[in-house]
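Structure, as structure tokens:
The values are calculated or read from the model by the stated rules, or taken from the named source; none is laboratory data. Note that the coordinates shown come from a computational prediction; the quantities given were computed from them, not determined experimentally. FYI the Cβ positions are ideal-geometry reconstructions off the backbone, even for glycines, and counts take in every protein chain you see. Areas reflect the complete protein model, heavy atoms only, side chains present, ligands, DNA and RNA absent. Shrake-Rupley method; radii C 1.70, N 1.55, O 1.52, S 1.80 Å.
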Amino acid sequence: METSHPQEETIPLLSLRRADEAIGVVALIVIVFSILWGVVSRYIFPQPAAWTYELAIMAFAYLVFFGAVAGVRLGTHAAIDVLVTALPDTWQKAIAWFNYLLLAVFFLVMAALFAWQAWTSRQVHTIALDLSRSLSYGPLALASAGMFIQHLIVERPSTGRVHRNVESLI
């Protein structure tokens, strides 16, 4: 197992290269304060804030998907390759290429389906905040495209898998 420590730690969080993590951090902050305000408004005010649940759900989707982009970029996703490493090298290479292509197609299909969903639901609005549902699905299409791009860059079977141990904010 090879461990690599790229210069991710020195890149500022508010840079384009770490935008996925910055979006995840903002989403986490929105979730915490939204739920906190929902609880406070439920017990202090006569009319609780109805929008907090809706906002927290949208922010949670952003956190999960943009966190997945960071996970693909940093190589921190789970990999159980005990069976594959027991196979001959030619089989390992074939399986690596199959996984690479399968995940690339999966990310592309997810991006296309979320983009389609964002387009078809642009006239549908949420109940409490009266926001277009495209605000829910559009960023998920962008995150899926980001996972596709990061997957193509980081997980090339020809270069071999590099396990990373990078501290991330999410």
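Whenever a residue of segment 38-51 is in contact (Cβ under 8 Å) with a residue 60 or more places away in the chain, its partners that are in a helix (DSSP H, G or I), lying with C-beta atoms within less than 9 angstrom and at least six residues away or across chains, give the pairs A50/G38; W51/S34; W51/G38. Condition test on L142, is it out of contact with any helix residue (DSSP H, G or I) (no Cβ under 6 Å at 6 or more places or on another chain), closer than 30 Å to L14 by Cα and either at pLDDT below 95 or open to solvent by 80 Å² or more (accessible area, probe 1.4 Å) (or both)? Answer is yes for this residue. Filter segment 73-123 down to the residues that are among the charged types (D, E, K, R) and part of a helix (DSSP H, G or I), then identify the one that is surrounded by the fewest Cβ atoms within 10 Å (Cβ to Cβ). Top of the filtered list is D89.
The combined condition, being surrounded by 12 or more Cβ atoms within 10 Å (Cβ to Cβ) and over 18 Å from the mean Cα position of the chain (by Cα), is fulfilled by A50.
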